[in-house]
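Student: Have a look at this one.
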Amino acid sequence: MHGEGDAPAADVAAYRAVELIHHAYLTGLILMLSSRTGPQRAAEIVFRTFRRQQLARFLPGLKKLGLDGLPHALACAQYHYLSNQVGGVKVEYVYESDRKAWVRYPPPRWIWSGTAICGIPSEVSRAMLRGWHANNGVVLGNPRLGFICTGQTVDGQPGLEGYYKEWDHDLAPDERLQFSPGERCPPFDPARAPKLPESDWPEERLRKVLRNYAMEYITSIVPETVAVLGPEEGGHLAGAAARLIGMQTYDDVATLLGGVEPGAAGFAETFTRLARGQGDDAELRTEGHSILVRQTSWRLMSERDNLPPAVFEAWNELWVGAALAHDRFMRIDIVERRDRGDAYWAWRFR
């Protein structure tokens, strides 16, 4: 484990733990929203989350993956195939023509890990497609490009699947996402699918990508939850989900990290390691009978400006939950908050 004075070297186990926590938080928050606010409001938050992700990541990702010169239907389908594959998502790609290409996410679905899929309304799954897939043609400046969904896992079909198609005419806004459940994706042939150069993706880099993949969804969904529901209701639900996830994932996180020493000192050391695993500059020091962990960065929300305090308070409940699972008599206090004008973020454990 990293303690006081250790250099922030690559810590693949911490990357894996951070990925686990934030992936579980994404799923848990969507379940919390679906069960507490209903399918329509949950779908609106998921739509806004995926639209924000699409606007921020799609075009840069096309260029990074070298797909920006392909016909648009192929570029979109290959983007989803390659980017999700790198992100650890089970995904398939099938070429049909230069104007039609399939993408399929077979079970188990990454985003709805385990039994969580049983609590996801169909509207929420559709909202992901409305937020991202339906907007690719708009972003590419191609009004003839749309996405046809032929199946959703949450509806009992063997995978979320569909195809990008370029029509001979411009599509109306409500035609950019269509549903055609009678069609089926052709068989997937891995030998004919696009590939990434293996030499460019060593283990450390892959684990960072997986970590970032999970964290970026939290970067979007927590602020969107607060924006849609307001800081009181949205902050409460996002925080309640975070606390539950912190408690539920703690044992798995501790196992990934090779164990956690007992007491406040052990938890603070692990908290510091996880903060560094998130890409932040955490430092630990002992002050009498308590331990202070201080960081100057909050990488998770570094691209978001003017966030309400409820966003940090909700996310911080991940660590409150983890601390409760570690030792329910331990106390954790936030003593400095950079989002409120302090020089640092700082937590005291005792």
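The values are calculated or read from the model by the stated rules, or taken from the named source; none is laboratory data. Treat the numbers as computed from the prediction; the structure is a model and nothing was measured. Cβ sites come from the backbone with ideal geometry, for glycine too, and all protein chains shown count toward neighbours.
Student: Given 174, 170, which one is farther than 22 Å from residue 85 by Cβ, surrounded by fewer than 20 Cβ atoms within 10 Å (Cβ to Cβ), touching a Pro at 6+ places or on another chain (Cβ under 8 Å) and at pLDDT 95 or above?
Tutor: None of the others qualify; the one that does is 170.
Student: Could you tell me which residue of the stretch 333-350 is surrounded by the fewest Cβ atoms within 10 Å (Cβ to Cβ), considering only residues that are free of Cβ contacts under 8 Å to residues at least 24 places away in the same chain and not small (Gly, Ala, Ser)?
Tutor: 333
Student: Going by what's in this entry, would residue 293 be described as assigned by TED's automatic domain parsing to the domain that holds residue 244 and within 23 Å of the chain's Cα centre (by Cα)?
Tutor: Numbers: assigned by TED's automatic domain parsing to the domain that holds residue 244: yes; within 23 Å of the chain's Cα centre (by Cα): no.
When the stated conditions are applied, residue 293 does not pass them.
Student: Look at residue 280 and say whether it is free of Cβ contacts under 8 Å to residues at least 40 places away in the same chain, assigned to a loop (DSSP other than H, G, I, E, B) and within 20 Å of residue 215 (Cα to Cα).
Tutor: yes
Student: Quick one: in the stretch 308-330, which of the residues that are touching a residue at least 60 places away in the same chain (Cβ under 8 Å) and outside any helix (DSSP H, G or I) is farthest from residue 287 (Cα to Cα)?
Tutor: Here the residue is 308.
Student: So is residue 257 more than 18 Å from the chain's Cα centre (by Cα), within 27 Å of residue 204 (Cα to Cα) and modelled with pLDDT of 95 or more or not?
Tutor: So residue 257 passes the test.
Student: Identify, please: which residue in the stretch 60-90 is in a helix (DSSP H, G or I) and of a type in the set (D, E, K, R) and is, among those, surrounded by the most Cβ atoms within 10 Å (Cβ to Cβ)?
Tutor: Going residue by residue through the stretch 60-90, those that are in a helix (DSSP H, G or I) are 60-64, 72-86.
Checking the rest, the ones that are also of a type in the set (D, E, K, R) come to 63-64.
On the way: 63: 10, 64: 13.
The selected residue is 64.
Student: Let me ask something else about it. Looking at the structure I just gave you, is residue 202 surrounded by fewer than 16 Cβ atoms within 10 Å (Cβ to Cβ) and either touching a helix residue (DSSP H, G or I) at 6+ places or on another chain (Cβ under 6 Å) or in contact (Cβ under 8 Å) with a residue 40 or more places away in the chain (or both)?
Tutor: Criteria not met by residue 202.
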